């Protein structure tokens with residue numbers, strides 16, 4: 001009996017070692033399997049070294065797993081995390097007109113007319129007690145038609161610098177009176193501070209002034225306007241309210257949208273406007289212009305780039321874009337959806353992640369992060385006519401959380 005006990009003790013050691021090795025092996029095998037999905041950089045035009053100064057990151061994710069990727073010095077790394085159990089609601093937030101605007105993990109919404117109140121929701125459940133707090137802004141704006149319509153959704157008027165949130169009213173060209181930029185306070189006894197005010201009374205005459213929105217760049221504010229039909233940006237110091245400059249962006253004879261997208265890196269503001277559209281038999285393609293405005297020393301227009309690719313409204317919810325202007329070059333990462341007129345599932349068409357570099361409005365490099373994401377969409381192709389369907393967006397992987405930063409070692 002003693003011999004059996006000793007033998008059992010001695011056998012337990014190699015069995016334990018074997019068990020640990022097996023756990024390690026299967027863990028490695030699972031990790032290798034998770035990272036075995038197709039993901040690589042394909043060069044389409046130019047030299048990949050053009051993206052060396054920038055670091056690109058993001059993920060491909062659904063409710064079951066997320067593959068995070070990073071491109072640094074032209075080299076790709078990736079890591080996949082499997083969700084067990086699956087996520088109920090993956091975080092694929094994107095601002096849509098009329099929806100809440102997310103800034104630093106807080107989601108803001110604006111309501112009112114004449115007097116406006118701004119409130120926020122904190123997605124962090126530990127801070128849920130703060131939800132519902134609001135800040136009130138009184139203005140002296142008069143609307144000619146008094147119908148409560150604005151040139152853009154009210155959330156376009158929000159911008160944040162550090163811990164300070166600012167607001168302007170996206171007033172239309174038929175508004176008169178006085179608009180302004182206001183620093184908001186969510187404290188119980190807090191009061192709204194007026195940074196600056198400006199007259200809208202030129203709208204009484206033949207001239208016109210519409211406020212499109214507000215953006216932040218470094219430690220400065222950018223008021224985005226349409227003045228006599230032209231896109232104009234005014235820079236302001238948020239502390240003194242002093243105007244830093246006034247720049248007209250668009251050339252004569254051009255027409256640009258009222259809605260825009262804003263991307264900031266360091267003290268450079270990149271504004272993206274739609275400038276024309278091309279109609280085909282089955283779709284409308286929109287082309288865009290990017291203006292890069294440098295606020296390092298006052299304000300100046302650093303660059304203007306025409307994006308020579310088409311985008312379509314049909315895939316608005318899945319589309320993603322980010323950019324950075326650095327040392328005379330515009331770095332752009334964006335999704336492109338294939339036009340497929342024969343397919344009826346407009347929100348589930350094949351989508352690609354593209355990388356571009358421009359200098360002086362010339363394309364230097366184009367590449368693609370090739371993945372097997374579109375394999376998810378096989379069941380949506382050639383769906384039988386007359387057969388019902390119930391497609392859930394979260395069952396399909398998306399490109400998301402795209403980010404550009406100055407590269408490591410730059």
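The values are calculated or read from the model by the stated rules, or taken from the named source; none is laboratory data. A quick note: this is a predicted structure, and the numbers were derived from the prediction, not measured. As a convention, Cβ positions derive from the backbone with ideal geometry for all residues, glycine included, and neighbour counts pool all protein chains shown.
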Any hit, the range 279-299, residues being part of a loop (DSSP other than H, G, I, E, B) and touching a helix residue (DSSP H, G or I) at 6+ places or on another chain (Cβ under 8 Å):
yes
Being at pLDDT 95 or above and crowded, with 19+ Cβ neighbours inside 10 Å is the filter; apply it to the range 300-321 and report the residue that is farthest from residue 255 (Cα to Cα).
303
Residues being part of a loop (DSSP other than H, G, I, E, B) and buried (at least 22 other Cβ atoms within 10 Å of the Cβ): count how many of those fall in the range 206-222.
0
Restricting the search to the range 147-185, which residues are touching a helix residue (DSSP H, G or I) at 6+ places or on another chain (Cβ under 8 Å) and closer than 21 Å to residue 108 by Cβ?
167, 168, 169, 170
Out of (1) at pLDDT 90 or above; (2) within 30 Å of residue 80 (Cβ to Cβ), what's the single condition that is false for residue 362?
(2)
Filter the range 230-257 for residues that are more than 22 Å from residue 160 (Cα to Cα) and exposed (fewer than 14 other Cβ atoms within 10 Å of the Cβ); which is modelled with the highest pLDDT?
255
